[in-house]
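Below is one structure, written out as structure tokens, with a few remarks after it.
A short reminder: the numbers here are calculations on the coordinates, not readings from a lab. Fair warning: this is a prediction, and the values are worked out from it, not measured in the lab. All Cβ positions, glycine included, derive from the backbone under ideal geometry; neighbour counts span all protein chains shown.
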Amino acid sequence: MAHSYRISFEFFPPKTDKGRENLISAQKDLMSANPEFFSCTYGAGGSTRDNTYETVLAMQQVHPDAAPHLSSIGQEKTELAEIIQQYKEAGLTRIVALRGDLPSGMGYANSELPYADDLVAFIREQTGDHFTLEVAAYPEMHPQARSFEDDIAHFKRKIDAGANYGITQYFYNPDAYGFYIDALQKIGCDAPIYPGIMPIMNVANLVRFSKACGADVPRWLLSRLEDIKEDDEAVTEYGIDIVTRLCERLLAMGAPGLHFYTMNRSEISLRVLKNLGL
Ligand code: FAD
């Protein structure tokens with residue numbers, strides 16, 4: 001069915017050749033959803049610099065719009081400038097620009113580009129309008145933010161510095177997205193913000209990961225998942241149902257598209273999209 005929603009899929013750089021093969025095979029499957037772009041994450045402090053680059057080049061063979069993520073924290077401007085130039089020379093046209101995270105206990109203030117808005121401004125300074133820039137958004141508030149007001153003001157700074165679009169951290173409560181969009185509009189920020197959709201595959205991983213990134217797994221959802229956590233298939237099926245309903249609500253609320261955290265797999269995202277008629 002023809003639709004105008006922007007669909008995108010995120011991968012992480014695989015550690016082995018087999019992992020790379022699986023990723024490309026998943027990417028080829030996902031092409032049936034007519035995505036606008038694919039992206040590949042970047043490890044803290046540049047730890048996956050080469051792997052992200054090589055993975056994105058392989059992804060670019062399948063879809064011309066393959067977007068590397070880039071995080072600024074713990075990296076010097078000269079190195080970031082080199083990476084940005086390398087991306088441009090490879091014909092890449094989109095970057096997901098982030099601050100990234102430091103190991104706990106280390107301070108952010110010493111960094112040359114301490115926040116994502118600094119990185120956005122730096123990329124614009126280096127390469128003008130060459131890149132479309134996506135930045136992170138947090139409907140449930142970034143875990144280090146002093147307040148919700150502060151956090152939305154910081155999101156707006158990224159757009160004002162030249163970012164084009166937001167992609168959210170994942171969440172399972174659609175109202176969080178609705179209130180977030182309203183709050184941004186009230187401060188004059190109407191950049192399109194795409195909900196980030198996390199499939200539910202493994203309960204222990206979901207709980208651990210959600211704690212680390214500040215995403216709320218609602219009590220009703222967690223209790224049901226706890227009941228079935230030993231049965232992978234039941235978790236997957238229930239997860240597809242939950243995520244489909246979440247996406248339905250988000251699109252009905254006016255979300256301009258969806259960004260799937262694929263975990264380098266295609267089945268769940270494709271099942272959800274099929275349920276949605278997309
Ligand atoms: P920022 O926008 O800089 O915000 C970080 C915190 O600082 C917030 O609390 C904000 O309110 C506050 N802040 C911002 N500006 C200021 C200021 N001027 N003064 C004071 N406080 C300020 N991580 C990776 O390592 N690699 C990835 O590939 C990656 N991909 C991601 C993709 C998406 C779509 C999302 C949502 C997250 C991703 N992350 C990734 C995680 C991200 O790096 C972390 O959430 C990180 O903690 C914050 O990055 P940011 O770009 O949102 O930072």
When the Debye formula is applied to the Cα atoms of segment 176-278, each taken as the same point scatterer, what base-10 log of I(q)/I(0) results at q = 0.25 Å⁻¹?
-1.46
Pairwise FRET efficiency - Thr78 versus Asp150, Cβ, R0 = 41 Å, nearest 0.05
0.85
Under the rule of at least 5 residues apart or a separate chain, name every residue whose amide H is placed under 5 Å from the amide H of Phe11.
Ser39, Cys40, Thr41
Excluding the sites themselves, what is the longest stretch of the chain that contains no trypsin sites (Lys or Arg not before Pro) in a DSSP loop with at most 12 other C-beta atoms within 10 Å?
147-278
Could you work out which residue, out of Ile268, Ile228, Ile73, moves most in a Gaussian network model of the chain, that is, has the largest mean-square fluctuation with Cα springs under 10 Å?
Ile228
With only alpha-carbon atoms in the gyration tensor, what are the semi-axes of the equivalent ellipsoid for segment 90-211, in Å, largest first?
23, 18, 16
What is the gain in length, in nm to one decimal, between Glu89 and Asp160 on full extension, counting 0.36 nm per residue of separation less the C-alpha to C-alpha distance?
23.0 nm
Kirkwood-Stokes translational diffusion coefficient of the chain, alpha-carbon pairs, 20 °C, 1.002 mPa s, µm²/s
111
Setting aside same-chain residues fewer than 8 positions from Lys156, which aspartates and glutamates have a Cα under 17 Å from its Cα?
Asp117, Asp118, Glu134, Glu140, Asp182, Asp190
Relative contact order for segment 6-275 using alpha-carbon pairs under 8 Å, separation at least 6, rounded to a whole percent?
19
Give the cross-link partners of Lys229 among the aspartates and glutamates, using a straight C-alpha distance below 17 Å as the criterion and excluding same-chain residues fewer than 8 apart.
Glu237, Asp241
Lys/Arg Cβ at +1, Asp/Glu Cβ at -1, dipole of the chain taken about the Cα centre: which of Ala191, Ala252, Ser223 is farthest positive-ward?
Ala252
With 27 Å as the limit, write out which pairs from Lys88/Lys211; Lys18/Lys77; Lys18/Lys211; Lys211/Lys274; Lys88/Lys158; Lys28/Lys211 have Cα-Cα distances beyond it, or answer none.
Lys88/Lys211; Lys18/Lys77; Lys18/Lys211; Lys211/Lys274; Lys28/Lys211
The answer for Ile197, listing residues at least 5 apart or on another chain whose modeled amide H is closer than 5 Å to its amide H, is His259, Phe260, Tyr261
The long-range amide H neighbours of His142, using H built 1.01 Å from N in the peptide plane and a cut-off of under 5 Å, are none
With bins of 10 Å, the percent of all Cα-Cα pairs of segment 237-278 per bin from 0 is 29, 60, 11
What is the sum of charges, Lys and Arg at +1 and Asp and Glu at -1, for the other residues whose Cβ falls under 13 Å from the Cβ of Leu98?
-3
